[in-house]
Amino acid sequence: MSGVVSSIALTGAAELIVELGGRPDAMARDVGMPIEALSERDIPIRSKHVIRFFELAAARCGARDFGLRLARRQGLQVLGPLWVLIRNAPTVRAALTDLAANFAFYTTSSVVRIEPTRDGVAACYETRSKGVQADVQTIELALGILCLELRRSLGPRWNPVATQFRYSAPADLRSHRALFGDLLLFNQDRNALHIDGAACKQPLAPSSGHVHRVLSRAMRAASGNDTPSEATRVELALRAMLLNAAFDLPAVARELGVRPRTLQLRLSEEGVTFQYLLDRVRLDLAHKYLRESNLSAAEIAELLRFADSSVFSRFMRHQTGATPRTVRRDARLDAA
């Protein structure tokens, strides 16, 4: 789950840090990232280093809204060919669908999902880099870039219907309101922009159907030669289904279009089990909620589909040797 990303993901970060009075070179060294990645745009770097770099920058520069500031300096151009595909989609909804379906071309350490809502869609984003304990800046950077890109097509007055965050609200929400609008929801079950149905139907201009078709074929061909592992497919399905659907082995197998026994055999060939992947997804989300949200253990247990908080507590003790309360306490001590 570590993943890599091109150093283009750092576009504008060094300049912003300098403006805020920080030292980007020192921060890069401290997270184990090559310093040349701050100035060169095609260096493969570990995604977890990028996530930690953004968190460190926010902390040392005293800028809780670092990710939002950086979003205004970047754009979906950081996605390379995937950005070209998106920009040439016929509608906003088609562009979002392309983004989710092809995001692995950019990185496998983050997940984009498009979920239907009552009137429109929710564009959901989360990181999945092993060992990363805080990712607030990366989440806000990604959602901020997407919101600004949509506003370029939909008009300067457009705002998402709502914006959700898994973590607790900062003391000062002015930067969030300026970028996303007034309906900000924290301590939620996802990180997401909610986009209304009318906006979903709008065209993206300018766009080229020919360019879109050519790039779509190219990406499909490339994905045929570099398909994700069955474990990765199951994990991504679990992250989506854990929120609001059945998520047992038969349900996931149906979602992936295979028989349960076939799925078990494929996972066994990769050296993992379905239960191991389910536990890993739950543990990752549990750490994020305990470290970054104000939700109670009972509320987290409900979100992660445990029977009750006592079952959740036993799960955490078995996985980490610590109770949810201890994990949360240690996170606050680390942040102090």
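Suppose the filter is in contact with a strand residue (DSSP E or B) (Cβ under 8 Å, 6 or more places away or on another chain), buried (at least 21 other Cβ atoms within 10 Å of the Cβ) and either in a helix (DSSP H, G or I) or touching a residue at least 60 places away in the same chain (Cβ under 8 Å) (or both); does Ile17 pass it? Explain how you work it out, then say what you get.
Working: in contact with a strand residue (DSSP E or B) (Cβ under 8 Å, 6 or more places away or on another chain): no; buried (at least 21 other Cβ atoms within 10 Å of the Cβ): yes; either in a helix (DSSP H, G or I) or touching a residue at least 60 places away in the same chain (Cβ under 8 Å) (or both): yes.
In short, no.
I need a count of the residues in segment 173-185 that are touching a Pro at 6+ places or on another chain (Cβ under 9 Å) and either surrounded by 14 or more Cβ atoms within 10 Å (Cβ to Cβ) or not assigned by TED's automatic domain parsing to the domain that holds Arg72 (or both).
Going through segment 173-185 one residue at a time, the tally reaches 3.
Quick one: how many residues across segment 85-136 are modelled with pLDDT of 90 or more, in a loop (DSSP other than H, G, I, E, B) and either surrounded by 23 or more Cβ atoms within 10 Å (Cβ to Cβ) or in contact with a strand residue (DSSP E or B) (Cβ under 7 Å, 6 or more places away or on another chain) (or both)?
So the answer is 2.
What do you reckon, is Leu278 outside the structural domain of Asn187 (by TED's automatic domain parsing), assigned to a helix (DSSP H, G or I), under 26 Å from Arg113 (Cβ atoms) and out of contact with any strand residue (DSSP E or B) (no Cβ under 9 Å at 6 or more places or on another chain)?
yes
For Ser109, are the conditions met, namely being under 17 Å from the mean Cα position of the chain (by Cα), touching a residue at least 60 places away in the same chain (Cβ under 8 Å) and in the same structural domain as Gln137 (by TED's automatic domain parsing)?
In short, yes.
For segment 142-172, name all the residues that are at pLDDT 95 or above, surrounded by 17 or more Cβ atoms within 10 Å (Cβ to Cβ) and among the small types (Gly, Ala, Ser).
Those that are at pLDDT 95 or above, surrounded by 17 or more Cβ atoms within 10 Å (Cβ to Cβ) and among the small types (Gly, Ala, Ser): Ala142, Gly144, Ala162.
Return a yes/no flag: does segment 317-335 have any residue that is outside the structural domain of Ser109 (by TED's automatic domain parsing), surrounded by 13 or more Cβ atoms within 10 Å (Cβ to Cβ) and not in a helix (DSSP H, G or I).
Yes, some residue in segment 317-335 is outside the structural domain of Ser109 (by TED's automatic domain parsing), surrounded by 13 or more Cβ atoms within 10 Å (Cβ to Cβ) and not in a helix (DSSP H, G or I).
Taking into account only those residues within segment 249-275 that are of a type in the set (Gly, Ala, Ser) and closer than 15 Å to Leu236 by Cα, which is surrounded by the most Cβ atoms within 10 Å (Cβ to Cβ)?
Ala253
Are there any pairs, at least 6 apart or on different chains, whose C-beta atoms fall under 6 Å, with the first in segment 237-261 and outside the structural domain of Val111 (by TED's automatic domain parsing) and within 18 Å of Ala123 (Cβ to Cβ) and the second among the hydrophobic types (A, V, I, L, M, F, W, C) and in a loop (DSSP other than H, G, I, E, B), and if so, which?
Qualifying pairs under 6 Å: Met241/Phe247.
Which one of these is crowded, with 20+ Cβ neighbours inside 10 Å and either in a helix (DSSP H, G or I) or in the same structural domain as Leu303 (by TED's automatic domain parsing) (or both): Ile139, Ile195?
On inspection, the qualifying residue turns out to be Ile139.
The values are calculated or read from the model by the stated rules, or taken from the named source; none is laboratory data. Nothing here was measured: the structure is a model prediction, and the numbers come from that model. Backbone-built Cβ (ideal geometry, glycine too); neighbour counts: all protein chains shown.
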